[in-house]
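The values are calculated or read from the model by the stated rules, or taken from the named source; none is laboratory data. Treat the numbers as computed from the prediction; the structure is a model and nothing was measured. Every residue, glycine as well, gets a Cβ built from its backbone with ideal geometry; the counts of neighbours run over all protein chains shown. The accessibility values were calculated without ligands, DNA or RNA, using every heavy atom of the protein model including side chains. Shrake-Rupley method; radii C 1.70, N 1.55, O 1.52, S 1.80 Å.
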Amino acid sequence: MRGERAAAPRRRSVLGGLLGGLALGAAGCTQGREARPAGETSEQRELEVFSWWAGAGGEATALRVLIDRYARLHPGITFVNAAVAGGAGVQARAVLEQRLQTGRPPGSFQGHAGPELLDHVRADRLQRLDDLITGTGLADAMPEVLADRLRTDGHLHGVPVTLHRANLLWYSPRVFELAKVDGPPEDPESFVETLEKIAAAARLPLALGEAWTAKHLLETVLAAELGAAGYERLWGPEGDWRGPDVRRAIRTFRSLLRRTDPDAGTLTWQEAATLVTEGQAGCMVMGDWVYGLFAEQGRRPEEDYAWAVAPGTDGVYQWLSDVFTLPKGVPDAAAARAWLRVCAEPATQRRMAQVKGCLPPRTDAMDGIDGGYLGWARDAWEKDTPIGSLTHGGVASNAWAGEIDRALTLFLSVRDSTRFTEDLAAAADRHAGS
Ligand code: GAL
């Protein structure tokens, strides 16, 4: 089957097309044919790239930077944009899983550096990329902490295109002024107090969206209450999930949730973040893709929004990285490798990162990034302690993260802290260090 597919122009299966079409329809996108094959080639070549960068807010525009560059370099290859909308890839990863399990890999797919990616390696789904990563200079240019999360048994399996930060507070200076809040809160306690003041000023204190955004908030609270070392320990065999620090973190998390909209789960991250710039909400804890969104919307820093580290996490850089991969059994591996080489280019990484709202993963592409959010992020990256992100694939296997999701869903509806702590601890007992 695979041989046939590689030899002939690729046909998308009815089911794959339907799922992709539905999701894209929801995002208001169309399946994109980005480049016409060169007229003189008798055999049509195409590359299908799977991601979740279909929605608004810097994401689709950032992907376009890569697509346009690819089209310029490889006009004879038709680009099929198989993006499935949905923040943090929650929907896309489910569709991808189905495709991989039924032997229909795209030419390349998006994933996160860390256990999320390494799960695919363990399942024998990915080709090694050592030669490509070395050949493009990426091996020497990547921060070691990132290379470490791309490596299994000494081999690299993903080309990183972003270096995002998760532990950020995006807030409305106008709402803070209205609520007589002097500045961004610096610890969990003053965070709760700040939210009380915003509530008293008749604004939504803390914007939140669908469930993964609550998990995102939780990971920053864990980092704040446990510190960088304590947080990192949680993901190994030494993690103390039943100890006082985790219990305190869950109490804080619960207090913060009280100051969110009970119907928040219906909002996308973009909709939730927009509540802040419109002055309807005081703040939101979210990654720096929010910066990409605000920049694309033409929002003005210091007026429509401002940022700070998530309360209690100063000096900590909770990072994550989006990577593209080379699945085993791809129909046209050469076309996919050409895509990955584009992803690895320093100038392309840099352009893409500016739109996406993150640092480029290549340190040699960071030169000259100065001022504004990105300059601030770059300075922090150079001095802060890096820790991984739970929500974005960096610390827990997919099975473990899935159990955390189920525990969190229950907690969001019944708010039983004791049960939540026990569910999290039981999940860690099953998965930590495995
Ligand atoms: C993260 C991803 C980011 C951004 C965000 C919101 O998981 O790594 O690049 O897209 O989700 O969708």
Ranked packing of 251-263, 353-365, most packed first, by mean Cβ within 10 Å: 353-365, 251-263
From the Cα centre of region 145-171 to that of region 240-312, the distance in Å is 22
Accessible surface ranking that places the most exposed of 314, 405, 148 first, with a 1.4 angstrom probe: 314, 148, 405
For region 76-133, what class follows from the C-alpha gyration tensor (a ≥ b ≥ c being the square roots of its eigenvalues): rounded when a/c is under 1.5, otherwise prolate if a/b is larger than b/c, else oblate? rounded
Chain lengthening between residue 414 and residue 202 when straightened (0.36 nm per residue, less Cα-Cα): 73.8 nm
Can you send over the carbon and sulfur percentage of the accessible area for the chain, probe radius 1.4 Å, protein chains only? 50
Taking every pair of Cα atoms in the chain, average 1/r, invert it to obtain the Kirkwood radius, and report Rg/Rh to two decimals. 0.97
Per DSSP, loop GluC sites (Glu not before Pro) in region 184-247 with at most 11 further Cβ within 10 Å: 238
Considering only protein heavy atoms, what per residue accessible area in square angstrom results for the chain with a 1.4 angstrom probe? 40
Highest average packing first - 395-402, 107-114, Cβ atoms within 10 Å: 107-114, 395-402
If R₀ is 35 angstrom, what is the calculated FRET efficiency for the pair residue 379 and residue 43, using the beta carbon separation as r and rounding to 0.05? 0.10
Could you name the lysines in cross-link range of residue 215, using Cα to Cα under 25 Å and dropping any fewer than eight places away on the same chain? 197, 356
Using 0.36 nm times the number of residues separating residue 131 and residue 297, minus their current alpha carbon distance, what extension gain do you get? 55.8 nm
Heavy-atom accessible area of residue 172, protein chains in place, probe 1.4 angstrom, given in Å² to nearest 10, is 0
Dipole of the chain, positive direction: furthest Cα of 353, 418, 118, with charges on the beta-carbon: 118
Using alpha carbon centroids, what distance separates region 414-433 and region 347-404, in Å? 29
Fully extended contour minus Cα-Cα distance, from residue 73 to residue 140, at 0.36 nm per residue: 21.7 nm
Counting only DSSP beta bridges with both partners in the chain, the antiparallel fraction in percent, to the nearest 5, comes to 55
Percentage, to the nearest whole number, of Cα pairs in region 52-176 over 17 Å apart: 67
Please sort 161-170, 73-82 by packing, taking for each peptide the average over its residues of neighbouring beta carbons within 10 angstrom, highest first. 161-170, 73-82
Accessible surface, 1.4 Å probe, highest first, among residues 197, 328: 197, 328
Take the alpha carbon gyration tensor of region 219-362, find the square roots of its eigenvalues, order them as a ≥ b ≥ c, and report rounded if a/c is under 1.5; if not, report prolate when a/b exceeds b/c, else oblate. oblate
